[in-house]
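The values are calculated or read from the model by the stated rules, or taken from the named source; none is laboratory data. All of these numbers come straight from a predicted model, not from anything done at the bench. Reconstructed Cβ throughout: ideal geometry from the backbone, glycine too, with neighbour counts over all protein chains shown.
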Ligand code: AKB
């Protein structure tokens, strides 16, 4: 099957980089970017872009029929921190969009679906270290609830209707190209921007808050790897634990100080601390490694090197 791909939520942090990568693999004409807004000018101007409201079934269906789409990456979502401010909106966006895509797959319009889950499916009662694939899941955020419920629906649509849906539990994603929006792990991107601009950063999480994180290139690779994997190798139909590195704000600051010795960090935890405290510190992703050969490439120091080098170059270009 030649993939004819639609990315819903293509203007977001992961969606925008995924779009460019998929275009480089499959050709720009086979990868349609869509979002509710035209905000990401680079994306809008770099290939086919359609305005699609992920909550509107008809708008998604029209786009699928127009381009004879067979594969969807559903990247539209409201993340953890914003979700706590707008619980009902988070529920509606995250669930409506998933149902529309699963139903379009059930009805035979699409052959393959990627839907991102998150470490937010875990909660305060989950074992924190090396969190297993199968364990207690009592998420305490609206975002986490939508992701946990979504996983159940993905598995249900696979079992009942044979829908080929593949999913990963992303950790916090770090990238120099696009800013994250509304997540609890966003500090791990902001810190690099502030390190370059101001040589100091006030962190909204406390010094020793350890969370699972991943460089964008690894996240994109995992996404493409699971979609390219043989159907029989993707044994988990809910969502796979996925992991690369885990670190605290203190450790990321120390990594930055290896390049910018005068960099300082201070701590002023806000409402996001409670969310972070409910999540795992580290993740056991051995099922992804065993089933479809997942491997990450970037350590914390590699990430720091990439972030500072590329952000500095970008800053110099704009001067
Ligand atoms: C968030 O912080 O909400 C996201 C996530 C871990 O899913 N980055």
| remark: Of the candidates 89, 21, the one satisfying the condition of being outside the structural domain of residue 180 (by TED's automatic domain parsing), more than 30 Å from residue 139 (Cα to Cα) and not in a loop (DSSP other than H, G, I, E, B) is 21
| field | Odd one out for residue 114, checked against (1) touching a residue at least 60 places away in the same chain (Cβ under 8 Å); (2) within 14 Å of the ligand (Cβ to nearest atom); (3) not in a loop (DSSP other than H, G, I, E, B) | value | (2)
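Each row is one residue, and each column tells you yes or no for (1) more than 24 Å from residue 318 (Cα to Cα); (2) in contact with a helix residue (DSSP H, G or I) (Cβ under 6 Å, 6 or more places away or on another chain).
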| site | (1), (2) |
| --- | --- |
| 201 | no, yes |
| 214 | yes, no |
| 229 | yes, yes |
| 240 | yes, yes |
| 267 | yes, no |
| 270 | yes, no |
| request: Collect the residues in region 117-132 that are surrounded by fewer than 23 Cβ atoms within 10 Å (Cβ to Cβ) and out of contact with any helix residue (DSSP H, G or I) (no Cβ under 7 Å at 6 or more places or on another chain), keeping them in residue-number order. | output: 124, 125, 126, 127, 128, 129, 130, 132
| query | Applying the selection to region 47-62, what residues are out of contact with any strand residue (DSSP E or B) (no Cβ under 8 Å at 6 or more places or on another chain) and either outside any helix (DSSP H, G or I) or touching a residue at least 60 places away in the same chain (Cβ under 8 Å) (or both)? | reply | 53, 55, 56
| message | Would you confirm whether or not region 258-266 contains a residue that is within 16 Å of the ligand (Cβ to nearest atom) and surrounded by 17 or more Cβ atoms within 10 Å (Cβ to Cβ)? | response | no
